[in-house]
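Report on one structure; see the data block that follows.
Each value in this text was obtained by applying a stated rule to the coordinates, not by laboratory testing. Since the structure is predicted, the reported quantities are computational estimates derived from the model, not experimental observations. No Cβ is skipped: glycine too gets one built from the backbone with ideal geometry, and neighbour counts run over all protein chains shown.
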Protein chains: 2
Amino acid sequence: MSTSTAAPFADNLSLDHTSREEGTTFAPKFDAHGLVIAIAQEAGSGRVLMVAHMNAEALRLTIETGIAHYWSRSRQSLWKKGESSGELQQVVEMRTDCDQDAILISVVQTGRGAACHTGRKSCFYRIVEDAATLRDAGDPRLFDPKDVYKS
Amino acid sequence: MSTSTAAPFADNLSLDHTSREEGTTFAPKFDAHGLVIAIAQEAGSGRVLMVAHMNAEALRLTIETGIAHYWSRSRQSLWKKGESSGELQQVVEMRTDCDQDAILISVVQTGRGAACHTGRKSCFYRIVEDAATLRDAGDPRLFDPKDVYKS
């Protein structure tokens, strides 16, 4: 994977600072692994559902199909979110940030409404109480992972 | 920086899968560069303001002081957000995700209310129209960067 450009996207490094931050050319800044950070937020509620990464292919497919695709770093493969679980994410809006190294998508979480593989709506289901302790926020499980991810 | 543990935090690798995802031990999973992804969301509105990274020191300081600290990858230094601009972020709640490699903070954006160095509330001020084109969402500048970041 390229560190700077990846078809069909413009090369981030080809833009000057002002164009990168204020311009209308989308030129995602992929990192050394060819990835950008991708945050999925629930349309309407604004709840942050998950954070993952996209490579150029995942980003292209997300734009072309309107369904969120990511790059799974653990599996090192393209990941059409919900392909196994049925919990597809329909993209309502996509934004990028000032230096174009992150993507924010507003999505409708289809299926049972669970973005997290644990069956919860959001992956962020635990509150950090202090440097040692988490507290479960009490989000219900919308599916049982054992039923959904059969090996 | 350590790739697995960093005082004062528990070692992510010391936890089994269930404890990591369902337990009450906070054991942030720092990457090979000693970083976790950190997303700041505006308390109340749910607007995603920015995404950055924290190392163990930034995470510790954020927890201890209630003011968001990050690790600046471009400057390779601890970054107390707002130290130059006055736009400190007061942390209302901190969460972590299923595998504990990301942090979500709900913040009150103090100062003029601009998280972005361009003077806008959020760094996500441009909408991706297609694979080539961005459109400015029209967010106003709450400060003029030239006045705030004097060299």
- Residues within region A:42-56 that are more than 9 Å from chain B (Cβ to nearest Cβ) and free of Cβ contacts under 8 Å to residues at least 24 places away in the same chain, tallied: 2
- out of contact with any strand residue (DSSP E or B) (no Cβ under 7 Å at 6 or more places or on another chain) and either closer than 22 Å to A:ALA52 by Cβ or acidic (Asp, Glu) (or both), is that true of B:GLN41? no
- Query: Are there any pairs with C-beta distances below 8 angstrom linking a residue in region A:70-81 that is in a strand (DSSP E or B) to a residue that is basic (Lys, Arg), with the two at least 6 apart or on different chains, and if so which?
  - Reply: A:TYR70/A:LYS81
- Task: For residues that are buried (at least 16 other Cβ atoms within 10 Å of the Cβ), facing chain B (nearest Cβ under 10 Å) and of a type in the set (Val, Ile, Thr), tally how many sit in region A:133-151.
- Result: 0
- Which residues, taken from region B:95-132, are surrounded by 14 or more Cβ atoms within 10 Å (Cβ to Cβ) and free of Cβ contacts under 8 Å to residues at least 12 places away in the same chain? B:ARG95, B:ASP97, B:ARG126, B:ILE127, B:VAL128, B:ALA131, B:ALA132
- Which of the residues that make up region B:20-41 are under 17 Å from the mean Cα position of the chain (by Cα) and either basic (Lys, Arg) or part of a strand (DSSP E or B) (or both)? B:LYS29, B:VAL36, B:ILE37, B:ALA38, B:ILE39, B:ALA40, B:GLN41
- Task: Name every residue in region A:90-148 that is within 30 Å of A:ARG60 (Cα to Cα) and in a helix (DSSP H, G or I), in order of residue number.
- Result: A:PRO145, A:VAL148
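Could you say which residue among B:ARG95, B:ARG75 is more than 9 Å from every other protein chain (Cβ to nearest Cβ) and either farther than 19 Å from A:VAL48 by Cα or among the basic types (Lys, Arg) (or both)? Break it down into steps so the answer makes sense when it comes.
Working: B:ARG95 fails: more than 9 Å from every other protein chain (Cβ to nearest Cβ).
When all the criteria are applied, what remains is B:ARG75.
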- Message: Looking at region A:139-151, I want the residues that are closer than 16 Å to A:GLN109 by Cα and have a partner that is among the β-branched types (Val, Ile, Thr) and surrounded by 10 or more Cβ atoms within 10 Å (Cβ to Cβ) with Cβ atoms under 8 Å, at least 6 apart or on another chain. Which pairs are those?
- Response: A:ARG141/A:THR118
- Among (1) more than 10 Å from chain A (Cβ to nearest Cβ); (2) surrounded by fewer than 21 Cβ atoms within 10 Å (Cβ to Cβ); (3) part of a helix (DSSP H, G or I) - the single one B:ARG60 does not satisfy: (1)
